[in-house]
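The values are calculated or read from the model by the stated rules, or taken from the named source; none is laboratory data. Treat the numbers as computed from the prediction; the structure is a model and nothing was measured. Note that each Cβ is placed from the backbone with ideal geometry, even for glycine, and that neighbours are counted across all protein chains shown. For accessibility, only protein heavy atoms count, side chains too; no ligands or nucleic acids. Shrake-Rupley method; radii C 1.70, N 1.55, O 1.52, S 1.80 Å.
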Amino acid sequence: MRKSWLLPCLIAGLWLAAPAAEAAQDEGPLLAERCGSCHQTTSGNGLTRIDEQRKTPEAWDMTLVRMVQFHGVELSDDERARLVKHLADRQGLAPSETDGFRYILERQPGVIESPPDAELATLCARCHSYARIALQRRTEDEWRKLAHFHLGQFPTAEYQALGRDRNWWEIASEQAPGQLAELFPLKSEAWDRWQQRPAAALAGDWRFVGHHPGRGGYHGTMTLAATGDDRYDLKLQLTYDDGETASGQGAGILYTGYEWRGRSEVGSTTSLQVMALAEDGTTMTGRSFLADQDAVGGQLTMTRLDASPQILAVTPGYVRAGEGRKLAIQGVGLAGDVDLGPGVTVDNVLSADDQTIVVHVQAAADAALGGRSVKVGTIAADQALVVYDRIDRLSVEPPYTIARVGGAGGAVPPVAAQFEAIAWQNGADGAPGTADDLRIGALPARWSTDNFDATAVALKDAAHAGSMQAGGLFMPSGAGPNPARPFETNNAGNLKVLAAVDDAGREVTGEGQLIVTVQRWNDPPIR
Amino acid sequence: MRRITLACTALALAMTVAPALAKDYLLTGAKPDKLVLIDAKARKVEQVFTVPDAGTGIFTITPAPDGRTAYVILNQWESVAGIDLTTGQQVFRADLSSAGERVKATFAMDISPDGKELFVIESPVKLLPDQYQVQPARIAVFDTSAGIGAKPVRVLPAPRRTAVLMAAKDGSKLYALSWDIYVLDPKTGAELGRHPLRTWQRANFSAPDVLDVWPQWDATGIFSTPYYTARTDLDASNPDAFKTGLATLDLASGEFQTVDFESTSAIIFSSAINPARPTEAYGVYTTLSKIDRAKGSLLQRIELDHTYYTVNVASDGSELYVGGTMDDVGIYDTATFERLGEIAIPGGADQVLASLRLIQR
């Protein structure tokens, strides 16, 4: 059996440490040596196939792994890392070409894709995400060769559901390549322009704010030290909103001039960062998640400490009319008075420096409901604070997701699911679920699960599929048959995810759905 | 008691070649390389043959008409082996792939009624140094006496995604279940006609979904497959919006029929028809269904203890056998659906996608 993307080697290629080099290495000779025996030199002095496509570092890594697994190419970890860097830098995507599809790189859980072209999605996105396709750029001929690879490698594709109901092969090889080349062409103005950019230099201090579902916000400082060729060592200090502090270290690489892939060790926890550097080079946005549980993680933003003054986060981003509470404002270059608009007054500044201001505020009973700006001196953050006077409903995020059984002696560990309870107030129309609803924010909730439907009741899914922990983390049960279940079935299940909070003595509840299913034996960097 | 036994023995001696006394045997495959011959009425495994170079397992099984040899697709679909069912020797072998071309025999295979020619579907791909090139699907025709290292004597064009090949009883036609059932000339591959499935013209019905890779017509000479269709004039929430039916093709007469028999309430993987009561068909997956294909109705349905992909019927129609997937063949009374017993596959090996065939000898 060929090796596959088991979790332990997950995305490892992008974080593999490569020897530090002073300047950008030209890996052309290595490419020619390792690839040239099958990929002929072209008239433009490139290599066939390899030259005709552009893609993300993750996608290049997947192709390299396929060359190793299917075609017997020998690559050391070091060579693999160097080639990913070389290819992603020279044949990557412009930042704008990844817009709308970064969730797949960030490994966001529970994303339900909404591909613009439903026909193409049915043809191509039943085994993997549509984002895998939308994050590549190829000539028509290359899109066609990719179709040949698919059926050549997976001959049953045209027999499977959604393959056999159409002339899958004829459409995939004759119609789709032209359509794909139009949607996702090799040549683009955005890429031409991006290649003219000056090199990014990330060394220095970065201020970051992040959100970890189930735990809340955190903020801190990361210091990057260049080790050569877009590689950096990192050190970080962080403070959770609950007051706990920690420090850690790690390393990262910048691919294609903007694709940051960082890795940090804080205590015994390894986290990965998948971030995009904005064009002005001062801000990175993306997601951080646990290296061994990528469903557990959240949004992360970083700004250079010497960037122009700005507010990065206000936590929590809500206050109840008629009540007082503590608020923290995180940013860079903070100076001046805090102004929260009419009806919300600062009655005590608890601490203040240029990065963090902690205040105690009082919201008047008649303060205007809704989002409002937060101002510090001359700078402002729009819609950074919500005033509400009642929680009308809770939503569970993600509303629908999956967890996977695992462990129990098997090779694949369980895949957890992390939920958050989001509080809402109905807008002026008094009706839930309409455009004027007010999103208050994430609240700590009481969590539980129940059987989703009659089948789940009969099979006692809620009792077997796993357990919900405080903070909304669902841990699935062990893999394999369970003698306590009918048909000795495994611990799969279909569950309601229930969240409850108290709002002025009333219990408000919300519901999501969780499918607990079997292991994923093959978990590539781009699903 | 004793007298009856004697009488029977006498009869048997008098009619040594009588087909009436031939016994039913089942053939199935088991991981990774076993071909299993079962004495059906005795409820026992008669012989287990080890097939050389089987790869991960055995898929489609095609017995020769005389029941002495069985041809199996194996080796990740890249080879066909013929096994002598008395000696266990490999008497035929065709390795389909070559240096520049990888060839997969995707499910479909049948043998001519005279046992002389084997028809194998091929899905080829050219392996160039830096790219793959998918080739048109084709049918390789082998001379069954070609032995080890057999090469095709003819190569016929074939519809893509052919999942079942069926030789007409008189050998004049070859049927290919693809989107429709194509009627092919076994000499040239020329299309002689089509029995419509995807191209059927039924007002207010969607094209049916068919995935059948199961040759289970041994006792009747009638191929059958479940299909699923949707009423385009009904809302999807209407319980009658989805229909399950049975398509049948009589390999002797060429008669083709479709009949809806229920509003879809169970998944059926494969089906077989009762030789004694030919209006009765059985469908299998997590349940066992009895279908009246004359009236278009569901007569009975029971839960099975686990998933079975395959079903075949005894030549006297009294009992049926469910197999595939796991490591047993279950036996049910066709009249009552009472479970009569089971036969364990030696070593607990799974049958997975292996065919379940019935031979007599």
>> So in the range A:375-401, with the set limited to residues that are among the aliphatic types (A, V, I, L, M) and within 18 Å of A:D502 (Cα to Cα), which one is nearest to the chain's Cα centre (by Cα)?
In response: A:V396
> Listed residues B:T56, B:T69, B:T50; which is away from chain A (no Cβ under 14 Å), farther than 20 Å from B:P215 by Cα and open to solvent by 10 Å² or more (accessible area, probe 1.4 Å)?
Replying inline: B:T50
> For the range B:206-227, which residues satisfy the criterion of being within 14 Å of another protein chain (Cβ to nearest Cβ) and either part of a loop (DSSP other than H, G, I, E, B) or open to solvent by 10 Å² or more (accessible area, probe 1.4 Å) (or both)?
Replying inline: B:S206, B:A207, B:P208, B:D209, B:V210, B:L211, B:D212, B:V213, B:W214
>> Quick check on the range B:187-196. Is at least one of its residues part of a strand (DSSP E or B), more than 14 Å from chain A (Cβ to nearest Cβ) and within 18 Å of the chain's Cα centre (by Cα)?
In response: no
> Which number in (1) over 29 Å from B:D333 (Cβ atoms); (2) of a type outside the set (F, W, Y); (3) open to solvent by 10 Å² or more (accessible area, probe 1.4 Å); (4) modelled with pLDDT of 95 or more marks the one condition that B:S178 misses?
Replying inline: (3)
>> Going residue by residue through the range A:128-135, is there one that turns out to be open to solvent by less than 20 Å² (accessible area, probe 1.4 Å) and within 10 Å of another protein chain (Cβ to nearest Cβ)?
In response: no
> In the range A:457-502, how many residues are loosely packed, with under 14 Cβ neighbours inside 10 Å, within 14 Å of another protein chain (Cβ to nearest Cβ) and not in a loop (DSSP other than H, G, I, E, B)?
Replying inline: 3
>> If I ask for residues that are among the small types (G, A, S) and open to solvent by less than 10 Å² (accessible area, probe 1.4 Å), which ones from the range B:309-322 would you list?
In response: B:A314, B:G317
> If a residue has to be of a type in the set (V, I, T), under 15 Å from A:D436 (Cα atoms) and in a loop (DSSP other than H, G, I, E, B) to count, how many in the range A:356-401 make the cut?
Replying inline: 1
> Looking at A:Q179, is it within 14 Å of another protein chain (Cβ to nearest Cβ), in contact (Cβ under 8 Å) with a residue 40 or more places away in the chain and not small (G, A, S)?
Replying inline: no
> Hey, A:D242 hits all of (1) at pLDDT 95 or above; (2) over 20 Å from A:T303 (Cβ atoms); (3) among the charged types (D, E, K, R) but one; which does it fall short on?
Replying inline: (1)
> Does at least one position in the range A:487-496 carry a residue that is within 30 Å of B:T286 (Cα to Cα), modelled with pLDDT under 90 and touching a Ser or Thr at 6+ places or on another chain (Cβ under 6 Å)?
Replying inline: yes
> How many of the residues making up the range B:154-180 are among the β-branched types (V, I, T) and away from chain A (no Cβ under 14 Å)?
Replying inline: 1
>> Can you say whether A:D192 is open to solvent by 50 Å² or more (accessible area, probe 1.4 Å), more than 10 Å from every other protein chain (Cβ to nearest Cβ) and out of contact with any Gly (no Cβ under 9 Å at 6 or more places or on another chain), as far as the supplied structure shows?
In response: yes
> Of the residues that sit in the range A:96-120 and are farther than 26 Å from A:R287 by Cα and of a type in the set (A, V, I, L, M, F, W, C), which one is least open to solvent (accessible area, probe 1.4 Å)?
Replying inline: A:L120
> Looking only at the range B:239-257, which residues are open to solvent by less than 10 Å² (accessible area, probe 1.4 Å), under 23 Å from B:S112 (Cα atoms) and out of contact with any Lys or Arg (no Cβ under 9 Å at 6 or more places or on another chain)?
Replying inline: B:A247, B:L249
> Given A:D339, A:D306, A:D280, which one is more than 30 Å from A:R197 (Cβ to Cβ), open to solvent by 20 Å² or more (accessible area, probe 1.4 Å) and among the acidic types (D, E)?
Replying inline: A:D339
> Any idea which of B:V36, B:V91 is within 16 Å of B:D350 (Cβ to Cβ) and part of a strand (DSSP E or B)?
Replying inline: B:V36
>> Among the numbered criteria (1) under 25 Å from B:V183 (Cβ atoms); (2) part of a loop (DSSP other than H, G, I, E, B); (3) among the hydrophobic types (A, V, I, L, M, F, W, C), which one does B:A247 miss?
In response: (2)
> Which one is farthest from the chain's Cα centre (by Cα), of the residues in the range A:402-434 that are within 22 Å of A:V508 (Cα to Cα) and β-branched (V, I, T)?
Replying inline: A:T434
> Can you tell me which residue in the range A:136-162 is farthest from A:W521 (Cα to Cα), limited to those that are away from chain B (no Cβ under 14 Å) and buried (at least 18 other Cβ atoms within 10 Å of the Cβ)?
Replying inline: A:R137
> Listed residues A:T282, A:T315, A:T269; which is within 24 Å of A:G110 (Cα to Cα), hydroxyl-bearing (S, T, Y), touching a strand residue (DSSP E or B) at 6+ places or on another chain (Cβ under 7 Å) and not assigned by TED's automatic domain parsing to the domain that holds A:M468?
Replying inline: A:T269
> Within the range A:418-456, which residues are acidic (D, E) and either surrounded by 17 or more Cβ atoms within 10 Å (Cβ to Cβ) or closer than 28 Å to A:G298 by Cα (or both)?
Replying inline: A:E420, A:D436, A:D437, A:D450
>> If A:R197 satisfies all but one of (1) modelled with pLDDT under 95; (2) buried (at least 17 other Cβ atoms within 10 Å of the Cβ), what's the number of the condition it fails?
In response: (2)
>> Here are the criteria: (1) within 12 Å of chain B (Cβ to nearest Cβ); (2) open to solvent by less than 60 Å² (accessible area, probe 1.4 Å); (3) part of a loop (DSSP other than H, G, I, E, B). Tell me which single one A:D165 does not satisfy.
In response: (2)
>> Take the conditions touching a Pro at 6+ places or on another chain (Cβ under 7 Å), crowded, with 17+ Cβ neighbours inside 10 Å and in contact (Cβ under 8 Å) with a residue 12 or more places away in the chain and apply them to A:G510. Does it pass?
In response: no
